[in-house]
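Here is the structure we will look at, set down as structure tokens.
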Amino acid sequence: MRRSRRGLLAAAAFAFGYVVYVYLALPDVRVFATANPETTAFMQLRVNEAADQGRRFAIRQRWVPYARISPHLKRAVIVAEDAAFFDHDGIDLEEIKASLERNWDDGRFTRGASTITQQLAKNLYLSPTRNPVRKLRELFITRRLEASLSKRRILEIYLNMIEWGDGIFGCEAAARAYFGKNAVDLSREEAALLAAAIINPRELNPGHPTKRLLRRQQIVLRRMGTG
């Protein structure tokens, strides 16, 4: 019994120490209050993948300020990815509960519950792999982003840096690649297409939408309402 208790205490101490280590090793996100990211972990991942495959690869990304992004796109992305974005502190507990219930019913992991801030944390610093350590780091970085940046700034960075196709990152590059226009000029329907493609940006092409993407676009448009 004593050995068992000592073992549990040792395991708990190790776990606590590891969590503290992970927290202390987190990046300082405060710099993004005034400076724009120049690259992300996902960009570097795609560069490395292309190099491993021996193919040429160029990143298309152009930063635009929040005011130069279509309000249709801002709304479309929020309703598609994180409807409670302006109400939670980076982690949507209600969505996590719904995700767990859905996954339990399915008997496997089929639905995520990542907020826009969590997605930004992952894109900036982490990999797409799913493991407890990466998820722990994601949650810690998410809380730092929420504590250091305004919601508007988080959304601005997210829309400028997320992947929207093979080598296409950010809304300005996506708007030009798929619709031949600037992000500020996107229509409601174009914005819904872009938002609908976020779930799988290298497979779903807003410039040549499949039936699946068009169905998702209609869902996004209904959530956007008529405003």
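The values are calculated or read from the model by the stated rules, or taken from the named source; none is laboratory data. Everything numeric in this text was worked out from a predicted model, so none of it was measured. Cβ: placed from backbone, ideal geometry, glycine included. Neighbour counts: every protein chain shown. Surface accessibility is based on the protein's heavy atoms, side chains included, excluding ligands, DNA and RNA. Shrake-Rupley method; radii C 1.70, N 1.55, O 1.52, S 1.80 Å.
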Considering only residues that are among the hydrophobic types (A, V, I, L, M, F, W, C) and surrounded by 15 or more Cβ atoms within 10 Å (Cβ to Cβ), which ones fall in the stretch 42-60? Phe42, Met43, Leu45, Val47, Ala50, Ile59
Any idea which residue in the stretch 177-227 is nearest to Lys74 (Cα to Cα), counting only those that are in a loop (DSSP other than H, G, I, E, B) and β-branched (Val, Ile, Thr)? Ile198
Among the numbered conditions (1) out of contact with any Phe, Trp or Tyr (no Cβ under 6 Å at 6 or more places or on another chain); (2) under 28 Å from Ala51 (Cβ atoms); (3) assigned to a helix (DSSP H, G or I), tell me where Ala174 comes up short. (1)
Out of the stretch 113-133, which residues are closer than 15 Å to Leu26 by Cα, open to solvent by 40 Å² or more (accessible area, probe 1.4 Å) and of a type outside the set (A, V, I, L, M, F, W, C)? Lys122, Tyr125, Ser127
Got a number for residues in the stretch 84-93 being open to solvent by less than 20 Å² (accessible area, probe 1.4 Å) and modelled with pLDDT under 95? 1
Got a sec? Which of Thr34, Thr39 is within 23 Å of Asn182 (Cα to Cα), polar (S, T, N, Q) and either out of contact with any Phe, Trp or Tyr (no Cβ under 9 Å at 6 or more places or on another chain) or open to solvent by 70 Å² or more (accessible area, probe 1.4 Å) (or both)? Thr39
Within the stretch 9-42, count every residue that is hydroxyl-bearing (Ser, Thr, Tyr) and either part of a helix (DSSP H, G or I) or at pLDDT below 50 (or both). 3
What are the pairs, 6+ residues apart or on separate chains, where a residue within the stretch 214-227 that is open to solvent by 90 Å² or more (accessible area, probe 1.4 Å) has its Cβ under 9 Å from a residue that is part of a loop (DSSP other than H, G, I, E, B)? Arg223/Ala83
Among all residue pairs at least 6 apart or on different chains, which show Cβ distances below 9 Å where the first residue, located in the stretch 115-133, is modelled with pLDDT of 85 or more and the second is loosely packed, with under 12 Cβ neighbours inside 10 Å? Lys122/Pro128
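For every residue, the table says whether it meets (1) closer than 24 Å to Leu193 by Cβ; (2) modelled with pLDDT under 85.
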site	(1), (2)
Arg75	yes, no
Asp82	yes, no
Glu95	yes, yes
Gly107	no, yes
Return yes or no: is Leu204 surrounded by 15 or more Cβ atoms within 10 Å (Cβ to Cβ) and without any contact (Cβ under 8 Å) to a residue 24 or more places away in the chain? yes
